[in-house]
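**Q** Here's a structure for you.
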Amino acid sequence: MYKIIDIHTHIYPERISDKATRALSDFYRFIVNSKGTIEDLEDQCSINGVTGFLLLSVATNAHQVRSVNDYAAECVSRSRSRGYEAYGFASMHQEFEQMEREVERILSLGLKGVKLHPDIQGVDVTDKRLYPLYEACSYFGVPVYFHSGDYRPEYRFSEPKKIAKVLTDFPALRVSAAHLGGYKAWDEAVEYLSGNERVWFDTSSSLWSMTTEKADGIISKIGKERLMFGSDYPGETIEDELKRFFALSMTEREREKVFYENARVFLGVE
């Protein structure tokens, strides 16, 4: 029996979960397969033997930032009280003022880092409005989790080459580049991000989009040392993503690390 941390999940308050998942479906042009609530996420974890999860927050405007972060911290606390190894990342928005103060505040709430979804937030990762955030995260030693890559030319806000530029500009910053380094930009992820020890990767929203052989090839190039299992709940069910993950070529020891140990190192809880 493996210990498993799902490193890439999203949830919404129940009163808006239907609206939020519909918007997600419209944006990415696929069917969202789950409810998107903390209760449903916990249920899927319980059914599939998942030990815990990382909640990744996204604020679509500056006014949402504090309330979104408070809700993430509340859900983490609730899930931990119910026996889950739950963690949370705060959100930030490019128009939010006093980024350093908010990073300090979210750490006091027990959150472990900051998530950016540049496509949905409409901001390039190299936008100078985000540089105070990178500076604050570097100072406090917390990572930034990027949605990375897209196949649509109008959504190239977080392509791997741009994440590499951020890493050059902030030599103390640690990041995770989701979706095997860049959704449908995997050749670029290998070129610009593999080999950098400050970059972590997850398997979310990737394995369903390629053959197992292609996934094995990409993973062999980016390495398994900083690779983590992620479902991208509610876009995919945890059950389906686990099935896809188990089809990959890995030793038992490698699975243990990708499922659990790497995530704990990335989160700074080892």
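**Q** Anyone know which of His63, His93, His147 comes out most mobile in the 10 Å Cα GNM of the chain?
**A** Most flexible of the set in this elastic network: His63.
**Q** Shifting gears a bit: Hey, if you put +1 on the Cβ of every Lys and Arg and -1 on every Asp and Glu Cβ in the chain, which of Thr203, His63, Val125 ends up farthest toward the positive end of that dipole?
**A** Val125
**Q** For the chain, what is the calculated [θ] at 222 nm in deg cm²/dmol (nearest 500), taking -39500 (n - 2.57) for each run of four or more DSSP H residues and dividing by its residue count?
**A** Only helices count here, giving -12500 deg cm²/dmol.
**Q** So if I take the centroid of the Cα atoms in region 168-226 and the same for region 57-75, what is the distance between those two points in Å?
**A** The two parts, judged by their Cα centres, are 27 Å apart.
**Q** Just Arg253, Arg198, Arg129 to compare: in a GNM of the chain, with alpha carbon springs under 10 Å, which one fluctuates most?
**A** Arg253
**Q** So, one more: For region 1-129, give the magnitude of the charge dipole about the Cα centre (Cβ charges: +1 Lys/Arg, -1 Asp/Glu; no others), in debye to the nearest 20.
**A** Magnitude of the dipole: close to 120 debye.
**Q** Find how much the distance from Arg129 to Met1 grows on full extension, using 0.36 nm per residue of separation minus their present alpha carbon separation; answer in nm with one decimal.
**A** 41.6 nm
**Q** So if each residue of separation counts as 0.36 nm, and I subtract the Cα-Cα distance between Glu225 and Arg78, what length gain in nm does that give?
**A** Gain on stretching Glu225 to Arg78: 49.8 nm.
**Q** If you don't mind, there's one more thing I want to ask. Given springs between every Cα pair under 10 Å in a Gaussian network model of the chain, which of Pro143, Pro118, Pro132 has the largest fluctuation?
**A** Top of the fluctuation ranking is Pro132.
**Q** OK, next. Multiply the residue separation of Asp169 and Asp18 by 0.36 nm, subtract the distance between their alpha-carbon atoms, and state the gained length in nm to one decimal.
**A** 50.4 nm
**Q** What FRET efficiency comes out for Arg156 versus Asp26 if R0 is 22 angstrom and r is the Cβ-Cβ distance? Round to the nearest 0.05.
**A** Approximately 0.65, to the nearest 0.05.
**Q** Might you report the magnitude of the Cβ-based charge dipole of the chain about its Cα centre, with Lys and Arg at +1 and Asp and Glu at -1, to the nearest 20 debye?
**A** 200
Any read-out appearing in this document is the output of simple, stated calculations on the displayed coordinates, not a laboratory observation. Quick caveat: nothing in here was measured; it's all calculated off a predicted structure. In this analysis, Cβ positions are derived from the backbone assuming ideal geometry, glycine residues included, and neighbour counts consider all displayed protein chains.
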